[in-house]
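Chemist: Just dropping this structure here.
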Amino acid sequence: AQSVSQHNHHVILSEAASLELGCNYSYGGTVNLFWYVQYPGQHLQLLLKYFSGDPLVKGIKGFEAEFIKSKFSFNLRKPSVQWSDTAEYFCAGMRSQGNLIFGKGTKLSVKP
Amino acid sequence: GAGVSQSPSNKVTEKGKDVELRCDPISGHTALYWYRQRLGQGLEFLIYFQGNSAPDKSGLPSDRFSAERTGESVSTLTIQRTQQEDSAVYLCASTEWVGANYGYTFGSGTRLTVV
């Protein structure tokens, strides 16, 4: 079955630390992958997406993610986090039927 | 409209009552999706519509849940005989067509609390 997994449930970092959140997917065929962010009290927003081409994709607010086919991974990275990055981050993949399946999410807390 | 609109934003209901949740997608978006987010859980897919038809109802948790969409616009998610485990945030999203790979636009959700 197609699935997306995020292994980090809660990550706590200090400001200026580097961030890497893990995401693995388990399906073949065409791979369309996404990262969404949900800031406290706000709705889900798209951070970045991959569907073909350069495996290193850049998104908003300095985030980037790298698609590594051999590892079935699409990890999210940011070189230096800010307090305002405190949020919940969701990885998602598109099923063959066209709808998205989401991981369970990773809460990021950044200490000022 | 400019974004995906959901109503009500909050709903408290007694166990056993029926509830209706409404989603108004972006104008012109033919694909509409419903998800559920329970506390501490990820987003759980419920159902999607392409136009007025729902090709995949496999995510609906039980036969107490149903959804419809009319006129390729508004969709209603109905939960009959609500149970406490139905408490969650119900999210709606839309895209121009199913499989559009630029990502969903989500609404702000309806927070349902069953007491």
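The values are calculated or read from the model by the stated rules, or taken from the named source; none is laboratory data. All values reported here derive from a predicted model rather than from experimental measurement. Every residue, glycine as well, gets a Cβ built from its backbone with ideal geometry; the counts of neighbours run over all protein chains shown. The accessibility values were calculated without ligands, DNA or RNA, using every heavy atom of the protein model including side chains. Shrake-Rupley method; radii C 1.70, N 1.55, O 1.52, S 1.80 Å.
Chemist: Quick check on the stretch B:51-61. Is at least one of its residues over 29 Å from A:Ser5 (Cα atoms), touching a strand residue (DSSP E or B) at 6+ places or on another chain (Cβ under 7 Å) and at pLDDT below 95?
Modeler: Looking through the stretch B:51-61, at least one residue is over 29 Å from A:Ser5 (Cα atoms), touching a strand residue (DSSP E or B) at 6+ places or on another chain (Cβ under 7 Å) and at pLDDT below 95.
Chemist: Within the stretch B:25-44, how many residues are open to solvent by 30 Å² or more (accessible area, probe 1.4 Å) and in a strand (DSSP E or B)?
Modeler: Total satisfying the criteria: 1.
Chemist: A further question follows. Taking only the stretch A:64-112 into account, find how many residues are within 14 Å of chain B (Cβ to nearest Cβ), open to solvent by less than 70 Å² (accessible area, probe 1.4 Å) and not in a strand (DSSP E or B).
Modeler: Summing the residues that are within 14 Å of chain B (Cβ to nearest Cβ), open to solvent by less than 70 Å² (accessible area, probe 1.4 Å) and not in a strand (DSSP E or B) in the stretch A:64-112 gives 5.
Chemist: Hey, among B:Ser94, B:Ser108, which residue is out of contact with any helix residue (DSSP H, G or I) (no Cβ under 6 Å at 6 or more places or on another chain), among the polar types (S, T, N, Q), within 14 Å of another protein chain (Cβ to nearest Cβ) and open to solvent by less than 10 Å² (accessible area, probe 1.4 Å)?
Modeler: B:Ser94
Chemist: Taking the residues in the stretch B:1-24 that are assigned to a strand (DSSP E or B) and of a type in the set (A, V, I, L, M, F, W, C) as candidates, determine which candidate is farthest from the other protein chains (Cβ to nearest Cβ).
Modeler: B:Val19
Chemist: Name the residue that is farthest from the chain's Cα centre (by Cα), counting only residues in the stretch B:86-108 that are under 27 Å from A:Gly41 (Cβ atoms) and free of Cβ contacts under 8 Å to residues at least 24 places away in the same chain.
Modeler: B:Tyr102
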